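Scroll down for the structure; my scribbles are underneath it.
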Amino acid sequence: MKSILFSTAAVAMTATFALADGHSVVRMGTEGAYPPYNFINDAGEVDGFERELGDELCARAELTCEWVTNEWDSIIPNLVSGNYDTIIAGMSITDERDEVIDFTQNYTLPDPSAYVAMSADVDLEGGVLAAQANTIQAAFIAETGATLVEFATPEETIAAVKNGEADAVLADKAFLTPIADEDADLMMLDKEELIGGGIGLGLRESDTELKEKFDAAITSMKEDGSLNALIAKWEIGDGF
Amino acid sequence: MFSFCTDPSTLPDWQWMACYLTTGKHMSIYWSVLTVFLLLAITAPTALAFGFAGASAARSRIAPVSWLGRGYIAIVRGVPDIAFFLFFVIALDQAIEYLRHRALCPDWTEPVRQGNDFVVCAAAKMPLGNAPQWIHETYGFGLAVLTFAIVFGAFAANVLFGAMRAVPKAQLETAEAYGMTPRQTFWRVMVPQMWVFALPGLSNLWMVLIKATPLLFLLGVEDIVYWARELGGTKTSRFTEYPHGDWRMWYFLALLIFYLMFTRASEIVLDRLMVRLTRGQATTGGEAQRKAAV
């Protein structure tokens with residue numbers, strides 16, 4: 001029994017030795033629940049603006065990439081402990097996050113955050129506002145006089161407005177627009193908040209080589225206009 | 001899936017539903033049902049083995065072994081499941097990678113902990129960074145099984161420990177009087193008789209285990225509750241061929257029925273097992289069976 005265990009362990013170790021070769025596969029971590037940035041399509045695959053962008057960036061940087069989904073709440077801890085190599089999940093560049101992880105240059109301009117509510121006359125200063133936990137919107141509401149209710153998924157923030165638990169939801173405008181368009185009960189308010197420094201790719205601070213590769217790929221996409229074409233296609237906001 | 005599914009927006013209701021329920025995304029929830037069954041099928045016997053080992057150790061006459069068994073039972077039973085699942089799995093994963101790192105990359109000079117980052121050499125990654133996704137998922141699943149087995153094993157150990165003590169003393173003394181060694185007494189007299197005392201406690205554990213599978217999500221395994229939430233959420237027509245409102249209620253209703261049927265089926269099986277184990281035992285249940293048969 002012991003010898004069987006030892007020999008399988010030995011085989012496993014030699015096999016892993018043969019395969020090991022730096023960043024031969026880059027694992028792209030995303031949430032898969034935030035259209036149009038990233039979502040799971042009908043076929044069960046990761047789709048959206050960031051899927052197309054990420055595939056193009058990997059092609060330009062000559063990397064083999066693989067897509068992984070992870071819950072938003074634990075998306076940074078799992079990057080830091082090495083379960084995947086990048087976060088490409090509509091994550092805005094903020095100082096707090098920058099202390100823990102590194103960001104590439106931004107690949108979208110700061111998208112204004114918008115409010116969606118059941119009626120136009122909600123009290124945004126003193127009412128109850130919903131936001132996804134650990135987002136720039138949640139941090140923004142916490143600073144104001146309004147009461148913040150946080151949810152783990154974007155879906156639940158919308159549901160909270162519809163069932164009356166919250167007066168309005170604050171989220172990225174690109175995410176809220178298709179929802180407000182299609183649901184007759186919901187409407188987008190005129191007021192917008194300019195928060196965040198645009199969206200970037202999150203990487204481990206020790207992973208400088210990978211950061212340079214992605215930075216170069218983003219620059220080349222910005223220069224030849226292909227990034228703007230993608231932004232227009234998925235209606236993410238203004239182009240560069 | 002079906003040939004008529006090319007343009008769902010024009011389909012009559014039942015065809016729309018047939019197409020909707022067979023999308024690639026829905027296949028994920030059907031797979032996750034199998035994942036849950038597989039998890040239970042592997043975890044239950046493993047946890048029982050942990051429990052048996054823990055209970056035997058706790059009964060040992062060798063003091064350190066006994067302390068080990070009692071310590072395992074007391075510590076794991078006392079720590080909240082969620083804390084255990086969050087802490088233990090990450091710690092275990094990093095411990096494995098650290099040991100591999102020390103063994104495989106002796107020339108590595110940089111520290112493993114760099115600020116917030118946990119960095120080991122590429123060859124020590126578990127599983128390797130370039131391994132296909134299914135290996136990552138299988139590894140995560142393996143960690144989940146081990147964690148479940150350790151947690152539920154501690155509870156099972158406590159149940160079995162009690163059951164071993166519930167076997168009538170006279171039975172053990174008789175075995176000794178017949179000249180059996182302690183080892184023979186344990187395996188031939190005590191173990192066959194303890195199950196009837198252990199089964200009520202173990203059946204409770206099984207029921208709790210069935211319902212604990214959503215904890216899998218904490219470990220990165222996508223289980224049925226995750227998919228029910230994801231599939232039931234509002235879908236707008238820009239991003240799917242099958243737009244619908246908030247259908248989470250219906251998905252969770254389906255889950256409710258699934259879990260109720262599953263626990264009911266378990267109850268029926270466990271009741272039969274109880275009848276079988278009671279046969280010929282020196283308990284009131286065994287006595288009642290004997291009288292009914294006469």
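Things worth noting here:
- Look at the range A:111-123: where a residue is open to solvent by 50 Å² or more (accessible area, probe 1.4 Å) and a partner is in a strand (DSSP E or B), sitting 6+ places away or on another chain with Cβ atoms under 7 Å, you get A:Ala120/A:Met187; A:Ala120/A:Leu189.
- Enumeration of residues in the range A:135-160 that are part of a loop (DSSP other than H, G, I, E, B) and either over 16 Å from A:Ile75 (Cβ atoms) or at pLDDT 90 or above (or both): A:Thr135, A:Thr144, A:Gly145, A:Ala146
- Of B:Ala282, B:Ala288, all but one fail to be over 30 Å from B:Leu21 (Cβ atoms) and outside any helix (DSSP H, G or I); the exception is B:Ala282.
- Given (1) modelled with pLDDT of 85 or more; (2) within 8 Å of another protein chain (Cβ to nearest Cβ), index of the condition A:Glu52 fails: (2)
- Residues in the range A:173-194 that are away from chain B (no Cβ under 14 Å) and open to solvent by 50 Å² or more (accessible area, probe 1.4 Å): A:Lys173, A:Met187, A:Asp190, A:Lys191, A:Glu192, A:Leu194.
- The set of residues in the range B:256-294 that are closer than 19 Å to B:Ala166 by Cα, open to solvent by 50 Å² or more (accessible area, probe 1.4 Å) and not aliphatic (A, V, I, L, M) comprises B:Arg276, B:Arg279, B:Gly280, B:Thr284, B:Glu287.
- Selection from the range B:118-158 of residues that are in contact (Cβ under 8 Å) with a residue 40 or more places away in the chain and within 13 Å of another protein chain (Cβ to nearest Cβ): B:Glu137, B:Gly140, B:Leu143
- Residue satisfying all of: in the range A:47-58; out of contact with any helix residue (DSSP H, G or I) (no Cβ under 9 Å at 6 or more places or on another chain) and buried (at least 20 other Cβ atoms within 10 Å of the Cβ); farthest from B:Val89 (Cα to Cα) among these: A:Gly48
- Single residue of A:Asp215, A:Asp185 found to be assigned to a loop (DSSP other than H, G, I, E, B) and more than 20 Å from A:Pro36 (Cβ to Cβ): A:Asp185
Each row is one residue, and each column tells you yes or no for (1) within 19 Å of A:Asn228 (Cα to Cα); (2) in contact (Cβ under 8 Å) with a residue 40 or more places away in the chain; (3) β-branched (Val, Ile, Thr).
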residue: A:Thr69; (1), (2), (3): no, yes, yes
residue: A:Trp72; (1), (2), (3): no, yes, no
residue: A:Glu99; (1), (2), (3): no, no, no
residue: A:Asp102; (1), (2), (3): no, yes, no
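- Filter result for B:Glu222 (assigned to a helix (DSSP H, G or I) and of a type in the set (Asp, Glu)): no
- The conditions of being closer than 27 Å to B:Ser203 by Cα, modelled with pLDDT of 90 or more and of a type in the set (A, V, I, L, M) are met by B:Ala41.
- The residues of the range A:59-84 that are more than 12 Å from every other protein chain (Cβ to nearest Cβ) and buried (at least 20 other Cβ atoms within 10 Å of the Cβ) amount to a single one, A:Trp72.
- Every pair of residues 6+ apart whose Cβ atoms lie under 8 Å, when the first sits in the range B:205-230 and is within 12 Å of chain A (Cβ to nearest Cβ) and free of Cβ contacts under 8 Å to residues at least 60 places away in the same chain while the second is among the polar types (S, T, N, Q) and buried (at least 18 other Cβ atoms within 10 Å of the Cβ): B:Arg229/A:Thr153
- Listed conditions (1) within 24 Å of B:His136 (Cα to Cα); (2) open to solvent by 20 Å² or more (accessible area, probe 1.4 Å) are all met by A:Asp98, apart from (1).
- Residues of the range B:231-242 classified as more than 7 Å from every other protein chain (Cβ to nearest Cβ) and either open to solvent by 30 Å² or more (accessible area, probe 1.4 Å) or charged (D, E, K, R) (or both), total: 1
- Some residue of the range B:245-267 being in contact (Cβ under 8 Å) with a residue 60 or more places away in the chain, farther than 21 Å from A:Val68 by Cβ and among the polar types (S, T, N, Q): yes
- Residue match in the range B:121-142 (condition: under 18 Å from the mean Cα position of the chain (by Cα), surrounded by 13 or more Cβ atoms within 10 Å (Cβ to Cβ) and closer than 26 Å to B:Ser56 by Cβ): no
- Scanning the range A:213-235 for residues that are open to solvent by less than 40 Å² (accessible area, probe 1.4 Å) and either under 20 Å from A:Thr177 (Cβ atoms) or of a type in the set (A, V, I, L, M) (or both) turns up A:Ala217, A:Ile218, A:Met221, A:Leu227, A:Leu230, A:Ile231, A:Trp234.
- Residue within the range A:22-45 that is hydrophobic (A, V, I, L, M, F, W, C), within 11 Å of chain B (Cβ to nearest Cβ), in a strand (DSSP E or B) and free of Cβ contacts under 8 Å to residues at least 40 places away in the same chain present: yes
The values are calculated or read from the model by the stated rules, or taken from the named source; none is laboratory data. Owing to the predicted nature of the structure, the values given are computational and were not obtained by experimental measurement. With ideal geometry, Cβ positions are generated from the backbone for all residues, glycine too; neighbour counts draw on all protein chains shown. The area values use the complete protein model at the heavy-atom level, side chains included, leaving out ligands, DNA and RNA. Shrake-Rupley method; radii C 1.70, N 1.55, O 1.52, S 1.80 Å.
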